[in-house]
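Beneath this line is the structure, given in structure tokens, with notes to follow.
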């Protein structure tokens with residue numbers, strides 16, 4: 001059985017940021033980070049995007065927040081009911 005899971009589309013976020021000609025430094029500043037590292041770690045998947053930050057990213061990149069996700073289909077593990 002496959003289960004659908006929504007994941008943040010980091011590749012799309014980076015692509016859109018570059019299309020807007022925003023550097024990591026500029027994006028980090030717009031999001032309130034003191035250095036670009038905090039944002040960079042989110043964009044490469046080293047950290048998880050907080051919901052509020054993702055909402056702000058969607059505003060900055062002028063896309064609905066739903067466009068910043070992709071659907072990942074994962075196989076659901078069968079539970080072993082015998083002990």
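The values are calculated or read from the model by the stated rules, or taken from the named source; none is laboratory data. The model shown is predicted, which means the values in this text are computed figures rather than measured ones. All Cβ positions, glycine included, derive from the backbone under ideal geometry; neighbour counts span all protein chains shown.
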Test for residue 25: is it in contact with a helix residue (DSSP H, G or I) (Cβ under 9 Å, 6 or more places away or on another chain) and in contact (Cβ under 8 Å) with a residue 12 or more places away in the chain: no
Residue pairs, Cβ under 9 Å, 6 or more apart or interchain, first in the stretch 58-76 and at negative phi and loosely packed, with under 13 Cβ neighbours inside 10 Å, second modelled with pLDDT of 95 or more and outside any loop (DSSP other than H, G, I, E, B). List them. 59/65; 64/58; 66/58
Do we find that residue 16 is at pLDDT 95 or above, surrounded by 10 or more Cβ atoms within 10 Å (Cβ to Cβ) and part of a loop (DSSP other than H, G, I, E, B) in this structure? no
Looking at (1) touching a helix residue (DSSP H, G or I) at 6+ places or on another chain (Cβ under 9 Å); (2) in a helix (DSSP H, G or I); (3) at pLDDT 95 or above, which is the only condition residue 41 fails? (1)
Subset of the stretch 39-55 (residues that are farther than 17 Å from residue 69 by Cα and surrounded by 15 or more Cβ atoms within 10 Å (Cβ to Cβ)): 39, 40
